[in-house]
Amino acid sequence: MIQAEHSIAINAPITSVWHYVKDIEKWANLFPGCKECQIINDNESKWLIKVGAGGMVKTVNVLVDVTAWAGPEQVSFAFKLENEPVSGTGLYRAETTAPGITHITMGVEVAGRGSMAPMWEAVSKPLLPQLAKVFASSLKAEIESATQPETSPSIWQKFTTYFGNLWLALRGTTVIEEDNAVIENHKSLVLTFIQAMGAGDRETAAGCLNSDAITVAKGYGNFSGVREYDTIVGTIEAFTQLFPGGLQPDILTVTGEGERVIVEFEGNGKTFTGVEYHNQYCMVFTLKNGKIQQVNEYFCNKLADDVLWPLIADSQSGT
């Protein structure tokens, strides 16, 4: 049996969290790899999920049965793969830890049966913690976005906006031009981060990030999952061990709008074993207060698994 658990704090009252959580279809929409959700009744549903780990990718039907709606504090469920010897259980727990703050924990257990049990459990072991973490982070982002209060501008905000626009007019600058200047600054910061990441420059890269920044590597490979600030910075520094000469980014396109910057580029380098490595990347950056808050990474998982993962596995085993 394989177990995984992940906890996270959501900036919303427990009643608002429950308003979202009590809809099982919303769970499916956030679950990584879920392509379709068929609601059977109030407790039962069928999810079509594409799962994978390493070189194995498979699309499966998962039958989900909510065994207890004990909201707003708890939801229990069981699941099994249709036509596969795999089943499991899960538990959602929530508690108020401070006014307007809800602490949630997601726990899942998976067990295989019969002769295929070792294979399924081997696949689940690296994948399950990543799925739990990505799902919890997505749930947090969705709920906080949905519960963000809409407030009318105060008199002071109207006052500062008026005189801000007046000042821009006196300088001969429009609001659009000022916004474009901010976007260009965002692009410059993001490109600095990418260059620092490729060069293994920990200090410069860290200076581009907020202290609670995260990266979300999409897909189903060994490198997929959520990384928090300390892991991001540590990974950048360790990158030079894989690529002594760095991973040179060839920037193809840079698009900016508001607080978001999207960069397409190719990363080219040579591993310490002398193997050429060329991967394609698309990174979606969300900025907050002038620094990077979240990065969604898209790249060829198979190439990374084939070329880089064996090197990391060997280093971890001491060979």
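List of remarks:
- Flag if Val216 is open to solvent by 40 Å² or more (accessible area, probe 1.4 Å), under 15 Å from Ile292 (Cβ atoms) and either modelled with pLDDT of 85 or more or part of a strand (DSSP E or B) (or both): no
- If only residues of the stretch 114-140 that are out of contact with any helix residue (DSSP H, G or I) (no Cβ under 8 Å at 6 or more places or on another chain), over 22 Å from Asp305 (Cβ atoms) and modelled with pLDDT of 75 or more are counted, the one that is least open to solvent (accessible area, probe 1.4 Å) is Ala136.
- Count of residues meeting criterion [open to solvent by 80 Å² or more (accessible area, probe 1.4 Å) and outside any loop (DSSP other than H, G, I, E, B)] in the stretch 81-96: 3
- Scan of the stretch 11-34 for residues that are part of a loop (DSSP other than H, G, I, E, B) and either touching a Gly at 6+ places or on another chain (Cβ under 7 Å) or over 18 Å from Gly219 (Cα atoms) (or both), ordered by number: Asn11, Ala12, Pro13, Lys22, Asp23
- Scanning the stretch 274-282 finds no residues that are more than 22 Å from the chain's Cα centre (by Cα), within 23 Å of Ala206 (Cβ to Cβ) and not acidic (Asp, Glu).
- For the residues Val263, Val233, the requirement of being in a strand (DSSP E or B), open to solvent by less than 20 Å² (accessible area, probe 1.4 Å) and in contact with a helix residue (DSSP H, G or I) (Cβ under 7 Å, 6 or more places away or on another chain) singles out Val263.
- Residue that is least open to solvent (accessible area, probe 1.4 Å) [pool: residues in the stretch 271-311 that are assigned to a strand (DSSP E or B) and basic (Lys, Arg)]: Lys291
- Members of the stretch 193-230 that are touching a helix residue (DSSP H, G or I) at 6+ places or on another chain (Cβ under 6 Å) and farther than 22 Å from Ala136 by Cα: Phe193, Ala196, Met197, Gly200, Arg202, Thr204, Ala205, Ala206, Cys208
- Taking the listed residues Ile101, Ile143, the one that is open to solvent by less than 40 Å² (accessible area, probe 1.4 Å), modelled with pLDDT of 80 or more and more than 19 Å from Val64 (Cβ to Cβ) is Ile143, with no other qualifying.
- Pairs meeting the criteria (first residue in the stretch 91-114 and free of Cβ contacts under 8 Å to residues at least 40 places away in the same chain, second residue part of a strand (DSSP E or B) and of a type in the set (A, V, I, L, M, F, W, C), beta carbons under 6 Å, at least 6 apart or on different chains) are Gly112/Val86.
- Qualifying residue in the stretch 34-53 (condition: hydrophobic (A, V, I, L, M, F, W, C) and surrounded by fewer than 16 Cβ atoms within 10 Å (Cβ to Cβ)): yes
The values are calculated or read from the model by the stated rules, or taken from the named source; none is laboratory data. All figures in this text were calculated on a predicted structure; none of them were measured in a lab. So basically every Cβ, Gly included, is an ideal-geometry build from the backbone, and we count neighbours across all protein chains shown. These area figures cover heavy atoms from the full protein model, side chains too; ligands, DNA and RNA do not enter into them. Shrake-Rupley method; radii C 1.70, N 1.55, O 1.52, S 1.80 Å.
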